[in-house]
1. Kindly indicate which of 458, 465, 442 is of a type outside the set (A, V, I, L, M) and surrounded by fewer than 20 Cβ atoms within 10 Å (Cβ to Cβ).
2. Pairs needed: first member in segment 423-440, farther than 13 Å from residue 458 by Cβ; second member anywhere, polar (S, T, N, Q); C-beta distance under 6 Å; at least 6 residues apart or different chains.
3. Pairs please, first residue from segment 129-143 and closer than 16 Å to residue 104 by Cα and among the hydrophobic types (A, V, I, L, M, F, W, C), second anywhere and assigned to a helix (DSSP H, G or I) and open to solvent by 20 Å² or more (accessible area, probe 1.4 Å), Cβ atoms under 8 Å, 6+ apart in sequence or on different chains.
4. Name the residues in segment 58-81 that are in contact with an Asp or Glu (Cβ under 9 Å, 6 or more places away or on another chain) and either without any contact (Cβ under 8 Å) to a residue 40 or more places away in the chain or surrounded by fewer than 17 Cβ atoms within 10 Å (Cβ to Cβ) (or both), would you?
5. Given the structure, is residue 351 under 25 Å from the mean Cα position of the chain (by Cα), more than 22 Å from residue 509 (Cα to Cα) and of a type in the set (A, V, I, L, M, F, W, C)?
6. I need the full set of residues from segment 88-99 which are in contact with a Gly (Cβ under 6 Å, 6 or more places away or on another chain) and not polar (S, T, N, Q), in order please.
7. Identify all residues within segment 390-447 that are within 30 Å of residue 285 (Cα to Cα), touching a Ser or Thr at 6+ places or on another chain (Cβ under 6 Å) and of a type outside the set (A, V, I, L, M); write none if there are none.
8. What are the residue pairs meeting all of these: first residue in segment 601-615, first residue free of Cβ contacts under 8 Å to residues at least 12 places away in the same chain, second residue surrounded by 24 or more Cβ atoms within 10 Å (Cβ to Cβ) and of a type in the set (A, V, I, L, M), Cβ atoms under 9 Å, and 6 or more apart or on different chains?
Amino acid sequence: MTVLKNLHQELARFRLRLVAAAAFVLLCFGLLVARLSFLQIAQHDALLERAETNRVSVVPIVPNRGLIVDRNGVVLASNYSAYTLEITPSKVPDLERTIDQLSSVIEIQARDRRRFKRLMEESKNFESLPIRTKLTDTEVARFAAQRFRFPGVDIKARLFRSYPLGEVGAHLLGYIGRINQAEKKAMDDWSEEDVANYRGTEYIGKLGLEQAYERELHGQTGFEEMETSAGGRAVRRLRSRPPTPGNTLHLSIDIKLQALVERLFGERRGALVAIDPRNGEVLAFVSKPTFDPNLFVDGIDVDSWRDLNENIDKPLLNRALRGTYPPGSTFKPYMAMAALNTGKRAANVVIQDNLNYSFGGRVFGSATGDRAGPKDMRLAIVTSSNVYFYSLANEMGVDLIHDQLEPFGFGRKTEIDLQGEVAGLLPSTEWKRRTGKRPQDQKWYPGETISLGIGQGQNSFTMLQLATAVSTLSSGGQRYRPRLVREIEDVVKHTERRTASDALEPLALRPKDVDVIRNAMHDVTMEGTSRLVFAGAQYLSAGKTGTAQAVGLRAGQTYSSIKADERKRDHSLYIAFAPYEAPTIALALIVENAGFGSGSAAPIARRVFDYVLSGQYPSEEDIAKTQVGESGAPIGTPRRVQDVPLPGAAASDPAAAASAASAASAAPSASAPALTTGTPARPAPTAPVTPQRAPGPAAPSASTTTGAASAARRALPPVSGAAPAHRGASR
């Protein structure tokens, strides 16, 4: 059968299909052109950057961390390079098996495994983490020969922080540690420039000056741009910028004096702060017991951390900055100054001291050995009369005491250049109203005021506050913000920037009133409670002993019943300044649970003054007696300060000591300037003295977490609205 076709209809269909196919092809070409235009024009910059990123690898170069040196150029914190064995967990299929195999090539101890596990918990799994640090050349060579067996494992060279003197000055220096997740999260609030500067940086200051001056010490990160192949292999270096090392901190601290004071404390707990009242520079900043910051540099192991954290003596607690204590009788000169300043009591007013003071049905006593009789202000300070100051506190009232003594720095932060300072407590009615939980706890009772007069009750201050206060008093009211860093040196530009303490507005004290208090404190050293300690001194000084209760007495309890518990005994305190005529050093110190201030605290102060003012270093016999609280005036033949080597150097770490020495030897040495000759010019850095451990008892092992440095409160709760019971331990 013949099929008839409609030729015109077939042609129309063919043309339609041809047009559709052409349109489809044109559409495809249009999409390709549009996409190409989008990629080549709109996305040009972004794609070019991505291509360059694939072609060019930017490697950050971590800068050398800045040095920390004392006022005489002794290096306290430096850096050294060492090889580390590192694992990138994301590149290792079986981590435990790999570590087991590695241990047959390089020794890996159980503590290394524990530290590595902790680092994994704190870090992301694609980061390279050290399993072993400070490899020897032999270990490096041994691993290099077996490198092919361990994908994801490599040898790297890293800079390590070193503290050549070990435990000496640990609380003021602090330490560095690996950046944790909380710190990384805090970096989200930093500027882009600051975040970029920390690329490649894995360690950051954790405590002390390392933390407070982190930006100065870190330096500027450099970089290298390397052209890489498709396989990621480096082909050639395109350009680079070298890193800028961190600045050098020049401290006001005399580290040999610091080391001496730490030795004088022996195995006892306590703190000392010494300040130059002419400018606020801190000469010694001691907290005992202390710890070795080198333990934290590449991650502290679990056993060492447990020893520190669970130690009852709390070596990680910075007692000078965060330990708060009742000041005891060291508070009395300021009470007297407040009385003169307000006109509440003249210096010649005589109070009959019958050794007991009655108020509200309670009897407040005096210290054992006090003598009864009439006493004016001078004699009350010299003999440390409790009754005189009980009555004075009652006359002044808590709010007047607060308003008069707060300007001396009591109950508020000194704003020293360290983080974590606590404010202490100088009570007032407003404070109790604000902090009391129950209505009866928000009312201040008159009986609570009595104990304030002798530095007990709710009073609670740091040694830094006490040292700042005695510095202000010794200078007639001139105040300075205390500082540990006196100068910051730019090691690239070779310029120095002074960081002198800020002069604060002086207190409006009448010179004649100041003379009354200063003269009385001078007489304390001549005929009072510290006269035996300062016998034969080549200078005149002024001071005040203090004995503060560590615990209160319950009804019917006697002091002898708690004396057997060493940690419940009284604290020994001393404040002082010298030379009397024109003070160049003022200090405050406490020896915890050591009894009368004249027995344990004052002897340490005497030896500090001998060091600074007379250039005398105590004999070994004298140091041994002072360490156990059995010394008065120095015994034995004192040595010249310059003849005594610096104790406490870390002989166990020769690589760190050698690094510190080479870093310090870049400039010629200079002799140490005397602290009594004004503000000395900064000498060129010198290398630490050859590591030697001076004889004497070893420092106790340590305790307390870094963040758990809350000071032990010593305040005594009021009983029935009156002041807590006192046995008169205030001398």
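1. Working: 458 fails: surrounded by fewer than 20 Cβ atoms within 10 Å (Cβ to Cβ); 465 fails: surrounded by fewer than 20 Cβ atoms within 10 Å (Cβ to Cβ).
Criteria check complete, one pass: 442.
2. Final answer for the pair search is 433/442.
3. Pairs found: 131/113.
4. Result: 58, 59, 60, 61.
5. Working: under 25 Å from the mean Cα position of the chain (by Cα): no; more than 22 Å from residue 509 (Cα to Cα): yes; of a type in the set (A, V, I, L, M, F, W, C): yes.
It is false that residue 351 is under 25 Å from the mean Cα position of the chain (by Cα), more than 22 Å from residue 509 (Cα to Cα) and of a type in the set (A, V, I, L, M, F, W, C).
6. 91, 92
7. Result: 402, 408, 409, 414, 424.
8. none
The values are calculated or read from the model by the stated rules, or taken from the named source; none is laboratory data. In this text the structure is predicted, and so the values were computed from the model without any measurement. All Cβ positions, glycine included, derive from the backbone under ideal geometry; neighbour counts span all protein chains shown. Ligands, DNA and RNA are excluded from the accessible area calculation, which covers all protein heavy atoms including side chains. Shrake-Rupley method; radii C 1.70, N 1.55, O 1.52, S 1.80 Å.
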